[in-house]
Amino acid sequence: MTKKRRAVVCLSGGMDSTALLVRLLAEGKKVYGLSFDYGQKHRIELARLKQNVNYLRDNGIEIDSQILDMSKLGSLFHSALTDANWTVPTGHYEQENMKQTVVPNRNAIFSSIAYGYALSIAIQEDSEVDFSLGVHSGDHAIYPDCRPDFYEAIFSAFSIGNWDSEKVFLNLPYLNMDKADILEDAGHSIEKLGLDFDTVFRNTCTSYQPDKAGRSHGLTGSDVERILAFQKYGRPDPVEYRSPWEDVVRQAQRLERQFKQDSSAGFDA
């Protein structure tokens, strides 16, 4: 019997990593998920992730999923995502003020842990392992640690700094996709797995400022990007917002138009 290819994936409980999870499963890989409680205010994303892991299990799909408690990091890092006294900015996801949502060196820290885990599995099981991340083109403007040159450099450093590194392969399938492309890719994977699209994505959280029930007002950059992706994909987002879907779409479109107008005016000046 041929051994399944292994894949380690960083799972946030958000839309992108969830899409990558179902893609890896649809490809027939044995998946090891790593998630991080780093003191983020939108910790509900981890609860949603657990719901999806249970949903997969109920449908006969097992993954090895672990959540690492690194909550102390939140008190060390300067970011609107971890500081309880700092309001998450609203607006288009490429606006300058969205840099407030950067968590310093977050992806380097998470990637280092996930790479070490992937390499350990590769050595212990004498197999090749994909080190998989759901970063995509929409992340590139605001998040330097989501750009191709960052991952090329850090993966090179990991490879140089470890024995047996030839067993681990960097897998960034969404690097040049936008969020609507990711939804389309996930749709194919979910259909292949025999799962329900709305259930999978209802069990996610992309908002940086949800209320206690996990509902968003739809105005933060991460919300706007997600809403516009679902609108482009042609179906409503199954997560619950504080306002009806038609209203949050109009809000997101208004913010996008305003951003384009402001960008154009700035360029012309």
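The values are calculated or read from the model by the stated rules, or taken from the named source; none is laboratory data. Remember, it's a predicted structure, so these values are computed and weren't measured experimentally. Positions of Cβ are generated from backbone atoms using ideal geometry, with glycine treated the same way; all protein chains shown enter the neighbour counts.
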Note on Q258: of the conditions (1) more than 20 Å from the chain's Cα centre (by Cα); (2) buried (at least 19 other Cβ atoms within 10 Å of the Cβ), unmet is (2)
Tally, over segment 137-164, of residues that are among the acidic types (D, E), touching a residue at least 24 places away in the same chain (Cβ under 8 Å) and either buried (at least 21 other Cβ atoms within 10 Å of the Cβ) or not in a loop (DSSP other than H, G, I, E, B) (or both)
1
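Given the residues A108, A47, A80, A84, which is the only one that is crowded, with 19+ Cβ neighbours inside 10 Å and in contact (Cβ under 8 Å) with a residue 12 or more places away in the chain?
From the options A108, A47, A80, A84, the qualifying one is A80.
For (1) within 19 Å of the chain's Cα centre (by Cα); (2) modelled with pLDDT under 95, each residue gets a yes or a no:
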| position | (1), (2) |
| --- | --- |
| M1 | no, yes |
| K4 | no, yes |
| A19 | yes, no |
| V22 | yes, no |
| K30 | no, no |
| V53 | yes, no |
| R57 | no, no |
| M98 | yes, yes |
State yes or no: is R226 surrounded by 20 or more Cβ atoms within 10 Å (Cβ to Cβ) and modelled with pLDDT of 95 or more?
yes
So G134 passes all but one of these: (1) in contact with a strand residue (DSSP E or B) (Cβ under 9 Å, 6 or more places away or on another chain); (2) of a type in the set (G, A, S); (3) under 27 Å from D178 (Cβ atoms); (4) surrounded by fewer than 21 Cβ atoms within 10 Å (Cβ to Cβ). Which condition number does it fail?
(4)
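Given the structure, is S207 in contact with a Cys (Cβ under 9 Å, 6 or more places away or on another chain), within 24 Å of V102 (Cα to Cα) and not basic (K, R)? Lay out the reasoning, then the answer.
Numbers: in contact with a Cys (Cβ under 9 Å, 6 or more places away or on another chain): no; within 24 Å of V102 (Cα to Cα): yes; not basic (K, R): yes.
So S207 fails the test.
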Quick test of your reading of the structure: R6 fulfils all but one of (1) touching a Cys at 6+ places or on another chain (Cβ under 7 Å); (2) among the basic types (K, R); (3) closer than 25 Å to S120 by Cβ. Name the failing condition by number.
(1)
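Hey, among G221, G234, which residue is of a type in the set (G, A, S) and at positive phi? Break it down into steps so the answer makes sense when it comes.
On the way: G221 fails: at positive phi.
Going through G221, G234 in turn, just one is of a type in the set (G, A, S) and at positive phi: G234.
Among the candidates Y93, Y55, which residue alone is farther than 30 Å from Q261 by Cα and aromatic (F, W, Y)? Talk me through it step by step, then tell me what you get.
Details: Y93 fails: farther than 30 Å from Q261 by Cα.
On inspection, the qualifying residue turns out to be Y55.
Check segment 131-143 and report whether any residue there is of a type in the set (D, E, K, R) and either modelled with pLDDT of 95 or more or in contact with a Ser or Thr (Cβ under 8 Å, 6 or more places away or on another chain) (or both). First the steps, then the outcome.
So in segment 131-143, the residues of a type in the set (D, E, K, R) come out as 139.
From the residues that got through so far, the ones that are either modelled with pLDDT of 95 or more or in contact with a Ser or Thr (Cβ under 8 Å, 6 or more places away or on another chain) (or both) too are none.
Looking through segment 131-143, none of the residues is of a type in the set (D, E, K, R) and either modelled with pLDDT of 95 or more or in contact with a Ser or Thr (Cβ under 8 Å, 6 or more places away or on another chain) (or both).
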Okay, helices (runs of 4 or more DSSP H) sitting entirely in segment 186-269 with 3 or more residues that are without any contact (Cβ under 8 Å) to a residue 40 or more places away in the chain, I get 221-233, 245-268
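Within 29 Å of D149 (Cα to Cα), modelled with pLDDT under 95, out of contact with any Asp or Glu (no Cβ under 7 Å at 6 or more places or on another chain) and of a type in the set (G, A, S): which single residue out of G74, G116 fits that description?
Numbers: G116 fails: modelled with pLDDT under 95.
Only one candidate qualifies: G74.
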Selection status of Y174, crowded, with 20+ Cβ neighbours inside 10 Å, under 16 Å from Y93 (Cα atoms), aromatic (F, W, Y) and touching a Gly at 6+ places or on another chain (Cβ under 9 Å):
no
Conditions (1) over 21 Å from P144 (Cα atoms); (2) of a type outside the set (S, T, Y); (3) in contact with a strand residue (DSSP E or B) (Cβ under 9 Å, 6 or more places away or on another chain); number of the one not met by F158
(1)
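Within the group A19, A7, which residue is surrounded by 20 or more Cβ atoms within 10 Å (Cβ to Cβ) and closer than 18 Å to C146 by Cα?
Matching residue, one of A19, A7: A19.
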